[in-house]
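Take a look at the structure set out below.
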Amino acid sequence: SARIGAAGRGFAVIAQEMDVLSRRVAEATRDIDRTAETTRGEMHETLARLEDDVRRTRLGELALVNIDLIDRNLYERSCDVRWWATDAAVVAAARPTRTPEELAHASKRMGQILDSYTVYFDLVLVGMDGRVLANGRPSLYDSTGLDVRDNEWFEGALRTASGEEFSFQTVHATPLAGGERVLVYACSVREGGRVDGRMLGVLGIVFRWDALAQTVVQRTPLSEQEWARSRVCIVDGEGRVLADSSGRILQDVIDFPGREQLLRQPRAAQVVEYGGRPHCIAHAASPGYETYRTGWHSLILQAV
């Protein structure tokens, strides 16, 4: 436009406007890029927040299902022991005037019960002195004569006021089941099979803990990818591991920042540092079933 003089002035104006327009387009493009980057960041944060909320809710629900299954199952155990303690054969064998035939019959009767209730290792009838009088699986466990007076379940049964009450000992290994991990429920055996009769002895039922608890934690419905970074546990109030998908039963205590606060809530989840990396830890407290409540806690620890 400079070379052709006046005839080119119009082109100069157009060129200037094009230059201005080009600068404006460049600025608008930069503004759009900045807005897009901000939007992408906000969307990423929103999606991450939604993913975290979904994870917490889902793991919390799974934790609740696990502890509810255990509470419901163990409620039945508290019923079993109170019922079987009134069995005529058990009552007769607990009397001070018992005969060898009555002890043999009680052992046979307890064996018949065990044939139907495979969730137990054994049933044991204990005298007031704390020595086992008879058991239902004498061919498997040589329990007769064993002194159990210092066992928590036996001591607890002696303190019960009637046959409507029961005692309990949490997860432990016992010679009553060849060193296997068990729960033991116990109830006083009373004269005439009456709940208010004179106490004659104690019936203990030796429950297969791992068969229930390990099945529950190991069958938690997580994907294969999730299992690679997850651990599912049942713990007591101090965090001691009672059941564990990692297999460290009674060998570990689960501890992390804010554990006490989390365990005080019925159901919750939080992201904390555990084992050197961030984990979402979901918790559900024992909800109880009917008249029974373990008081334990279900945990799912998942690396994020």
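Structure notes:
- Residue match in the stretch 179-189 (condition: in a helix (DSSP H, G or I) and not aromatic (Phe, Trp, Tyr)): no
- For the stretch 212-236, the set of residues classified as over 19 Å from Arg181 (Cα atoms) and not aromatic (Phe, Trp, Tyr) consists of Arg219, Thr220, Pro221, Leu222, Ser223, Glu224, Gln225, Glu226, Ala228, Arg229, Ser230, Arg231, listed by residue number.
- Residues being surrounded by fewer than 13 Cβ atoms within 10 Å (Cβ to Cβ) and under 14 Å from Gly239 (Cα atoms) - total across the stretch 262-300: 2
- The residue pairs whose first member lies in the stretch 58-78 and is among the aliphatic types (A, V, I, L, M), whose second member is open to solvent by 40 Å² or more (accessible area, probe 1.4 Å), and whose beta carbons are closer than 8 Å, counting only pairs six or more residues apart or on different chains, are Leu62/Pro221; Ala63/Arg267; Leu64/Arg267; Leu64/Pro287; Ile67/Pro287.
- Test: residue in the stretch 81-93 that is within 19 Å of Cys187 (Cβ to Cβ), touching a residue at least 40 places away in the same chain (Cβ under 8 Å) and basic (Lys, Arg): yes
- Members of the stretch 186-229 found to be in contact with a helix residue (DSSP H, G or I) (Cβ under 6 Å, 6 or more places away or on another chain), free of Cβ contacts under 8 Å to residues at least 40 places away in the same chain and open to solvent by 10 Å² or more (accessible area, probe 1.4 Å), listed by number: Arg198
The values are calculated or read from the model by the stated rules, or taken from the named source; none is laboratory data. Predicted model, so just to flag it, every value in this text is computed and none were measured. Using ideal geometry, Cβ is built from the backbone for each residue, glycine included, and neighbour counts are taken over all protein chains shown. These area figures cover heavy atoms from the full protein model, side chains too; ligands, DNA and RNA do not enter into them. Shrake-Rupley method; radii C 1.70, N 1.55, O 1.52, S 1.80 Å.
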